[in-house]
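**Student:** Got a structure here, written out as structure tokens. Questions coming.
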Amino acid sequence: MRRLLVLLVLLVLLGFSLVVALAGGASPALALDLLWAQDAGAAAQLTTATHGPISARQVAGSGATSVEAALHPREGGPAVGPRTIVPPVTGLDGWHAVGDGAANVTVVWKAGGAVHAGRFDLAAGSPLYGPVTVCTDAAVAGLRCPGSTAALAGVVGDGAGGVWVWCTASPTAGTGDTLLNHVSATGAVAAADPGVAVANGTVKSLDVDTLGHAVVLLGPPGRNGLAVQRYDVDGTADWSSPATPYNPLLPPPPAATQEPIAVTAGANAVIAWREGGKVKVQRFSLSGARLWLTPTAVAMPGDVKVADDGKGGCYLAGPSGSGIVVRHLAAGGQQTPGSPSSIPGLGLPEPRVDAVAADRAGDLFVAYSDVHSAGLPGVARMTCLGRWDAALLPTVPESFSAAASDGAGGSYVLGAGGAAKLYHFADAPAGVTLRPRSALVTYGKSVVVSGYYQLGGSRPAQDATVKVCRIVGGGTAVAASIRTDAQGYYEVTLKPKTNATWTALAGDAAAEQQRILVAPKVKLTLSHLKPAGKRLVEVFKGSVAPKHAGRKVLIQKAVGSTWRTVASGRLDKRSRYRITWRLPYRTATYKVRAIVSRHSDHAEGTSQTGKLKVVVRKK
């Protein structure tokens, strides 16, 4: 009886993004500024323009209702307006206001069985166009059946002064209930009344990508399960059919278990939905291709809000216990180390996330409150690496209805409790921030560092020089120098070679110090076996960059969720290694890796994971 020894070697490339908590001092605390308040009872909305937030509110008159808006300068001072943007009408049945560049606001409203749009220059106090008709109940009835109507469901700006408008038709039809239309910055309506009847589903959420196209999350009625579709500004679908979040070659879960949450769009699109007690997320390219083999699933209870992280990933914010938790998914679909991250010490009886907003540096603003208004609401800011600072409200609105980035490192939030109140949250003194997208980078790779330079209260320092510096001894060494844009924003790409502490300098301001670690690049190859009696010998070869001649290399195998060292060796003068391991004489599968332990100038370096399969067969 002989035994045949078979060894199968497979090097598995496991992609990952490493993010850890930063060292250094805490970020400056957020300051609170009350910009505007109104009496209780009237509906209010928040939108933003280049130079500050726009508050819009419904005003009741004698038998008629109007809508007015005001621009609140970001740098402080008296508001521009309020101006009447919807003249008094009877039977006002929903409205949405959207800001754009300069001091313009587009308002879409329904009254008298028709949806209208108009654009208004708040600074000049004059209309730019409108009103133009987008959709009428009469046309909906002609398209669907007698008695059909359409409710104004939502409005999103296209980034160029135009807006996307979608309405939901009733009664429900099995082919879908959404009528979609686009209105340009000059008031040109893309599709004739009542708009484009969206096929293959009903729009549940809509966002606009970097090209101004609409990316929509589709659900029932009109389809089973969820899908995403993209529309050009002329109303035509960009893709031949909606893209589903699951690979068609794999069996999907029951469609009835998929509950839509939201879609976010930018250079790609991310959709989130609830399924079987978990929140699932899938990412798509703007050509409609799924970017992840399977959706990422995370356990999150309650109502969850979604925000784009600006680099292909997303934030998921929701209640957890007596507080708020945020999970950060990277562009590759994996949850970043250090996530989830919770706002500390809230102690709310029944917490909820009311609104979220993210800026270009990856900071996430979370407006939260309590379901029964039994706890103090507030706003907290989390960096992309999971660090928090907070600003609690001195008064207690019952909830928030909206949040929006101010474009310069701060945020606006709209309180919607007993009275509507518009707040601005920003770092009070002049300062510069430093936000590395990762605190651990592999040698030879780069890391994006960004932030804002502002003159206090998020007043941007335009076209100012920011120097990103490495701290050396008692001084600094400039690694990059860049000018800020009109919003005080800067972004540089660094390729650090060793562990170092970094800061940013601008004017008389210095950013908080941030530690960025560098892991050596460790290569691993598995070579042929050499018999040694009844034992098998595997040879591990590789190299380490930068050169670390004489440093020990460990070969480890996975044991459950831990790693155990099975062999070791040292790097030669060319920073290469050759290490052997005598394998046990049995059928087994091993996950193996090579590591270089952390030391003064570098973090721990880890190779790709290899899969080693040994088969012992009787013959």
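We did not get these values from a lab; they are worked out from the coordinates using the rules stated. If you're wondering where the values come from, they're calculated on a predicted model, not measured in any experiment. Please note: Cβ atoms are built from the backbone with ideal geometry, for glycine as well, and neighbour counts cover all protein chains shown.
**Student:** If each residue of separation counts as 0.36 nm, what is the full-extension length gain between Lys278 and Asp93 once their alpha-carbon separation is subtracted?
**Tutor:** Result: 63.1 nm gained on full extension.
**Student:** Could you go through region 300-314 in sequence order and give the Karplus-derived ³J(HN,Hα) for each residue, using 6.51 cos²θ - 1.76 cosθ + 1.60 with θ = phi - 60°, rounded to whole Hz, and x for Gly and Pro?
**Tutor:** These are the phi-based 3J(HN,Hα) values: 8, x, x, 7, 10, 9, 10, 9, 6, 8, x, 10, x, x, 8 Hz.
**Student:** OK, next. Out of these labelled values of semi-axes √(5λ) of the Cα gyration tensor in Å, (1) 51, 32, 20; (2) 40, 30, 26; (3) 48, 27, 22, which was calculated from the coordinates shown here?
**Tutor:** Computed from the coordinates, semi-axes √(5λ) of the Cα gyration tensor in Å corresponds to (1).
**Student:** Something else now. Quick one: if the Förster radius is 30 Å, what FRET efficiency do Ser600 and Leu293 give, using the C-beta to C-beta distance and rounding to 0.05?
**Tutor:** 0.15
**Student:** Order these peptides, 78-89, 112-123, by their mean beta-carbon neighbour count within 10 angstrom, highest first.
**Tutor:** Order by mean packing, descending: 112-123, 78-89.
**Student:** Another question, if that's okay. If we count every other residue with Cβ under 11 angstrom of Thr244's Cβ, Lys/Arg +1 and Asp/Glu -1, where does the sum land?
**Tutor:** Computed value for this residue: +2.
**Student:** Among Phe365, Phe284, which comes first, second and so on when ranked by fewest other beta-carbon atoms within 10 Å?
**Tutor:** Starting with the residue having the fewest Cβ neighbours, the order is Phe284, Phe365.
**Student:** Nearest 0.05, what FRET efficiency do Ala37 and Ala549 give at R0 = 60 Å with Cβ-Cβ as r?
**Tutor:** That gives a FRET efficiency of 0.35.
**Student:** Which FRET efficiency value, to the nearest 0.05, do you get for Ala151 and Glu398 by plugging their Cβ-Cβ distance into 1/(1 + (r/R0)^6) with R0 = 25 Å?
**Tutor:** So, using R0 = 25 Å, E works out to roughly 0.45.
**Student:** Going 7 Å from the Cα of Leu128 in the Cα-to-Cβ direction, what parts of region 174-211 have a backbone nitrogen less than 12 Å from that spot?
**Tutor:** Zone members listed by number: 184-188.
**Student:** Roughly speaking, what is the stretch gain from Lys591 to Lys611, that is 0.36 nm per residue apart minus the C-alpha to C-alpha distance, in nm to one decimal?
**Tutor:** Answer, rounded to one decimal: 6.7 nm.
**Student:** Another question about this same structure. Can you give the extra length, in nm with one decimal, that the chain gains between Leu143 and Ser241 once fully stretched, where that is 0.36 nm per residue apart less the Cα-Cα distance?
**Tutor:** Taking Leu143 through Ser241 to full extension adds about 33.0 nm, to one decimal.
**Student:** What is the local net charge at Ala461, summed over the other residues whose Cβ is closer than 11 Å to its Cβ (Lys, Arg +1; Asp, Glu -1)?
**Tutor:** Charge balance in the 11 Å sphere: 0.
**Student:** Using per-residue counts of other Cβ atoms within 10 Å, averaged over each peptide, order 335-345, 516-526, 43-53 from highest down.
**Tutor:** 43-53, 516-526, 335-345
**Student:** Which net charge results for the neighbourhood of Gln487, defined as the other residues with beta-carbon distances under 14 angstrom from its beta-carbon, given Lys and Arg at +1 and Asp and Glu at -1?
**Tutor:** For residues surrounding Gln487, the net value is -3.
**Student:** Follow-up. Which three extents, in whole angstrom, do the alpha-carbon atoms of region 431-516 cover along their principal axes, largest first?
**Tutor:** Largest to smallest, the principal-axis extents are 36, 26, 18 Å.
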